[in-house]
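Worksheet: the structure to be examined is printed underneath.
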Amino acid sequence: MPENLRAFVAALPKVELHVHLVGSASMRTVTRLARRHPDAGVPADPAVLRRFYTFRDFDHFLTVYWAVQALLRSAADIHELVVGLARDLAAQNCRYAEVTVTPYNHLLDGLPGDDLLAGLASGRAAAAAEHGVELAWCFDIPGEKGPVAGRETLVFALRNRPEGLVSLGLGGPEVGVGRAQFAPFFTAAREAGLHSVPHAGETSGPATVWSAVHDLGAERIGHGTSSAADPRLLAHLAEHRIALEVCPTSNVRTRQVESLAAHPIRRLLDHGVPVTLNTDDPPMFGATLNGEYLAVAETLGLRRAEVAQLARNAVHASFAEDTRKQALLAQLGGVA
């Protein structure tokens, strides 16, 4: 990779729109939490932890993800995780991020709701003060747990409405988990002023993306890579400026695509779909935001202007305040 492109990517002010709080836990953070909670069974030795993070398939990834989540037992644990994420984002020159949090799973694991909210609030404040990173929240429904999880997530979100909450999401396995069953919760969330950002089309086909758009009023799609197989869907996404939160390294590591060269991102861009680059669960996949930009630029042979446009796409697709967007775009203009 030419050093001048590497420097250019590093200098770009960036926005991250698809990163899971639990999956953002760095080796440093997980090691500290594993030593604090040895009964969780998560390796505290960095070398063993790296092997623990070597995924065989998507199901194995989920197993590791749940194990790490079991380390989060107090407001202090959540705070440490949030600040660790902010530290890593700042190192990538990321200025703003919308972070996916799944309250229902934390509550099931026994973490009091007040502790979750306190950790998010104090971590968010520290992220801004210590690292210059503004964090916003997407409260995510774990789809595999059904409508009860949708209802409880919505109630928790609207009853508490923490500062920085901007959207309602839907994650977890897609196959066998129809999007339409969650429609009432997304309708209520949108009526309350939250945005709709469900996962769709990561491990299933274009029909799931269509359902996310029609049934859930999706304003952005988490992943959405299978949209590339449906020309009519591509045209719809482009026309209505429904952005895709594309996570290339994640797709390769979970075996959703064979390689970055085989990734449909080129087809998405060629059809005018607003594509944003994101890391999903960065330490678990060995990903960084700079690395995603560099890998895509190199694989697709993008010019600097095209790389900068990917960064602009993320700003435009974010739910940041307009003044914040304009400031970020101005900062981008100063580099690109």
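Quick notes
- Taking region 253-275 as the range and being within 15 Å of residue 204 (Cα to Cα) and either among the hydrophobic types (A, V, I, L, M, F, W, C) or touching a Gly at 6+ places or on another chain (Cβ under 7 Å) (or both) as the test, only 257 passes.
- When residues in region 120-146 are screened for being assigned to a helix (DSSP H, G or I) and either closer than 21 Å to residue 18 by Cβ or in contact with a Pro (Cβ under 8 Å, 6 or more places away or on another chain) (or both), 10 of them pass.
- Residue satisfying all of: in region 152-173; outside any strand (DSSP E or B) and among the small types (Gly, Ala, Ser); farthest from residue 59 (Cα to Cα) among these: 164
- Matching entry among 219, 298, 258 (being within 27 Å of residue 59 (Cα to Cα) and charged (D, E, K, R)): 258
- Region 106-119, residues that are surrounded by fewer than 22 Cβ atoms within 10 Å (Cβ to Cβ) and assigned to a helix (DSSP H, G or I): 107, 108, 113, 114, 115, 117, 118
- Condition met for residue 89 (under 20 Å from the mean Cα position of the chain (by Cα), closer than 20 Å to residue 199 by Cβ, in a helix (DSSP H, G or I) and in contact (Cβ under 8 Å) with a residue 60 or more places away in the chain): no
To keep it simple, each residue is scored yes or no on (1) part of a helix (DSSP H, G or I); (2) at negative phi; (3) not polar (S, T, N, Q).
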residue: 175; (1), (2), (3): no, yes, yes
residue: 183; (1), (2), (3): yes, yes, yes
residue: 193; (1), (2), (3): no, no, yes
residue: 208; (1), (2), (3): yes, yes, no
residue: 214; (1), (2), (3): yes, yes, yes
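- Only listed residue being touching a Cys at 6+ places or on another chain (Cβ under 9 Å) and in contact (Cβ under 8 Å) with a residue 60 or more places away in the chain, chosen from 289, 328: 289
- Among the residues of region 120-149, those that are of a type in the set (D, E, K, R) and surrounded by fewer than 18 Cβ atoms within 10 Å (Cβ to Cβ) comprise 130, 144, 145.
- Single residue of 165, 170, 158 found to be aliphatic (A, V, I, L, M), more than 16 Å from the chain's Cα centre (by Cα), surrounded by 15 or more Cβ atoms within 10 Å (Cβ to Cβ) and within 25 Å of residue 114 (Cα to Cα): 158
- Residue that is modelled with the highest pLDDT [pool: residues in region 174-207 that are more than 22 Å from residue 317 (Cα to Cα) and of a type in the set (S, T, N, Q)]: 181
The values are calculated or read from the model by the stated rules, or taken from the named source; none is laboratory data. Keep in mind that what you see is a predicted model, and the values were worked out from it rather than measured. Cβ atoms come from the backbone with ideal geometry, glycine included; neighbour counts cover every protein chain shown.
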